Amino acid sequence: VLKARPDYWRMGEDGKPLPYLDEIIYVDLDKDAAIAALQAGQVDAMFQPRPQDWQALQGFDAVTISSVSTAQCFLVRVRVDLEPWNDNRVRTALKKCQDRAKILQLAWFGEGDLSIDAHVAPVHPEYCEKPIPPYDPEGARALLEEYAAEKGIELPLRVTLATKNDEAEPEIAQALKELAAPAGFDITLDITEPSGYWDRWTEVDLGITSWTHRPLGTMVLPLAYSKEAIGNWNETRWTDDEFEDLLRQAEATLDVEARRELMCQIEDIMQERGPIGNSFWKKIWTATRSEFKNVVAHPTSYDLFYEVWKDA
């Protein structure tokens, strides 16, 4: 239970003290029970609605849905210290197998922003806009055929894709399995409960890992793609001297436009030889009963209800 402090210092635009609500009570319900309770008016809001919840609430006038673009994502990532992913041709071939618009529609009902294969999102102030790569199974197959000929093996290239039975990962995994088949990949899916994946997320050679939002593009890159992070958060073991040099410069650059120039080069490196594929950035939602006004969705799912009020 959260109760308003009568001595809180902030004032709203109307000159009245914040927060407007006297009390917020959090109730622990599973998602299916929560959406039923919201529709019935037994609760006033739902935390982190799922895509299927968003779809179920369409046209339901008693509930208002707010959405926001984020840097939350589901990364298709590989370990570059293991075959066949230590060969950039194979990594690039897998990236070319993403039909990003189709994957977004299947996994998240189209509610997101298409992505390039760099861990920097359009919501980041220093993001450098680039064309969205097309689905290219022919180009992917040419790379795999070259790799297979050099290795003395035959296609299809058999790999296992590990992920968790959570949010949209199974849909992304199944879509990628089907989209990559014409290119010469034979993907076996290894989908476990979330705890089973998180127990080994840094160890699997090919996986789909969910990453949360961070407000700056320079925040996640050193955490996930630097030498210092190997064995901790650098699940791919990928490092690149040119990338790290540019990243250090970007971290030390306050001017957003100057930082964007550096980020353009960083994004190019990740697209050309990096360890991840990313079809889309998630939109997320806040669902509340419609009598509550001024509810704004937050990219990290914060409940910022200071200036929310209830119509009488």
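The values are calculated or read from the model by the stated rules, or taken from the named source; none is laboratory data. Note that the structure is predicted; figures quoted are calculated from it, not measured. Counting neighbours? That spans all protein chains shown, and the Cβs are built from the backbone with ideal geometry, glycine included.
Considering the range 245-288, and only residues there that are among the charged types (D, E, K, R) and within 29 Å of Asp99 (Cβ to Cβ), the residue that is surrounded by the most Cβ atoms within 10 Å (Cβ to Cβ) turns out to be Lys282. Restricted to the range 1-100, the set of helices (runs of 4 or more DSSP H) holding at least 3 residues that are outside the structural domain of Pro133 (by TED's automatic domain parsing) comprises 31-40, 51-56. For the range 152-177, filtered to residues that are more than 21 Å from Gln52 (Cβ to Cβ) and free of Cβ contacts under 8 Å to residues at least 40 places away in the same chain, the residue that is surrounded by the fewest Cβ atoms within 10 Å (Cβ to Cβ) is Gly152. Go through the residues of the range 130-138 one by one and say whether even a single one is modelled with pLDDT of 95 or more, assigned to a helix (DSSP H, G or I) and under 19 Å from Arg77 (Cα atoms). Looking through the range 130-138, at least one residue is modelled with pLDDT of 95 or more, assigned to a helix (DSSP H, G or I) and under 19 Å from Arg77 (Cα atoms). Condition check for Val295 on (1) β-branched (Val, Ile, Thr); (2) buried (at least 20 other Cβ atoms within 10 Å of the Cβ); (3) under 22 Å from the mean Cα position of the chain (by Cα): one failure, at (3). Pairs are defined by a Cβ separation below 6 Å, a sequence spacing of at least 6 or placement on different chains, a first member in the range 262-289 that is assigned by TED's automatic domain parsing to the domain that holds Asp113 and under 15 Å from Pro222 (Cα atoms), and a second member that is in a helix (DSSP H, G or I) and among the aromatic types (Phe, Trp, Tyr); the pairs so defined are Ile269/Phe243. Suppose the filter is in the same structural domain as Gln271 (by TED's automatic domain parsing), of a type in the set (Lys, Arg), part of a loop (DSSP other than H, G, I, E, B) and more than 17 Å from Trp198 (Cα to Cα); does Arg214 pass it? So Arg214 passes the test.
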